[in-house]
1. Mind listing whichever residues of segment 116-126 are open to solvent by 40 Å² or more (accessible area, probe 1.4 Å) and either free of Cβ contacts under 8 Å to residues at least 12 places away in the same chain or not charged (D, E, K, R) (or both)?
2. Are any residues in segment 182-202 open to solvent by less than 50 Å² (accessible area, probe 1.4 Å) and either in contact with a Cys (Cβ under 6 Å, 6 or more places away or on another chain) or not hydrophobic (A, V, I, L, M, F, W, C) (or both), and if so, which ones?
3. So is I146 under 17 Å from the mean Cα position of the chain (by Cα), crowded, with 21+ Cβ neighbours inside 10 Å and more than 21 Å from I45 (Cβ to Cβ) or not?
4. Identify the residue in segment 157-209 that is small (G, A, S) and assigned to a strand (DSSP E or B) and, among all such residues, is farthest from the chain's Cα centre (by Cα).
5. List the residue pairs whose Cβ atoms are under 8 Å apart, where the first residue sits in segment 31-52 and is open to solvent by less than 50 Å² (accessible area, probe 1.4 Å), the second is of a type in the set (D, E) and at pLDDT 95 or above, and the two are 6 or more positions apart or on different chains.
6. Among the listed residues G46, G59, G72, identify the single one that is among the small types (G, A, S), touching a strand residue (DSSP E or B) at 6+ places or on another chain (Cβ under 7 Å) and part of a loop (DSSP other than H, G, I, E, B).
7. Say we look at segment 109-143 and pick out the residues that are at pLDDT 95 or above and of a type in the set (S, T, N, Q); which of these is nearest to Y192 (Cα to Cα)?
8. So, T147, is that one out of contact with any helix residue (DSSP H, G or I) (no Cβ under 9 Å at 6 or more places or on another chain), within 24 Å of S201 (Cα to Cα) and at pLDDT 95 or above or not?
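The values are calculated or read from the model by the stated rules, or taken from the named source; none is laboratory data. Bear in mind the structure is a predicted one, so any value in this text is a computation, not a measurement. Here the Cβ positions follow ideal geometry from the backbone for every residue, glycine too, while neighbour counts run over all protein chains shown. The area values use the complete protein model at the heavy-atom level, side chains included, leaving out ligands, DNA and RNA. Shrake-Rupley method; radii C 1.70, N 1.55, O 1.52, S 1.80 Å.
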Amino acid sequence: MAEDNENLSNVYGAEDADATRTAYEGWAEGYDAENLGNGYRVPSIGCAMISRHVQKDAGKIYDAACGTGIIGGNLELLGFSGVVGSDLSPAMLKYAETLSSYDRLYEHDLGEPLPEPDNAFAAVTCFGSLGPGHAPARCLDEFVRITKPGGHVIFNTRAETYPEQDLKAKVDALTVAGAWSLIDQSPIFRSYYFIEPDVTSQVYVFKVT
């Protein structure tokens, strides 16, 4: 059983968007086979939480940092449509573009404002891309902005480092400001069944006010 993963180490160790993009560009070809083969649990648990809280006819879903399209593919199987995706890596997007799951796909750095109007989406999802080596915490402001009142922002954190991350401070600030409220969260779980036993995740569901 493998315990450590070089590709994950490269991603978690990235210090800026360019380094993150480079890490994913090199990983894109084998990303799905490697992650799913290693028992990556975040997409399935994340989509379960989406299905629990988002009605299929509620409106469009924005899949931030969509990667190769695992989330979009699962949402399509669950009966969702109108999914828009973006990702930092062109190589990852090439795989997502082979799916029928997305209405639109485009390259985007989540450190920059989203090119979407206010209140446009029933939900924004972001799985595997918040925390060390990934999107900055300020992207949550944009997630709230493009979600319509009563809609949901659903994402996972890397649980073992979350308490010390800037991400938690941003989550708490948005809660105190009344921008959203926490309505559900998963238990902490191992992100992978077969590797990296110390890498854990937790999925959060916030309702935008």
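1. Step one: of segment 116-126, the residues open to solvent by 40 Å² or more (accessible area, probe 1.4 Å) are 117-119.
The answer is P117, N119.
2. Taking segment 182-202 first, the residues open to solvent by less than 50 Å² (accessible area, probe 1.4 Å) are 184, 186, 189, 191-192, 195-196, 199-202.
Passing the criteria: D184, S186, S191, Y192, E196, T200, S201, Q202.
3. Details: under 17 Å from the mean Cα position of the chain (by Cα): yes; crowded, with 21+ Cβ neighbours inside 10 Å: yes; more than 21 Å from I45 (Cβ to Cβ): yes.
Considered against the rule, which asks whether it is under 17 Å from the mean Cα position of the chain (by Cα), crowded, with 21+ Cβ neighbours inside 10 Å and more than 21 Å from I45 (Cβ to Cβ), I146 comes out as yes.
4. By that ranking, first place goes to S181.
5. Every condition considered, the pairs that remain are M49/D184.
6. Within the list G46, G59, G72, the selection yields G59.
7. Checking each candidate, the answer is T125.
8. When the stated conditions are applied, T147 passes them.
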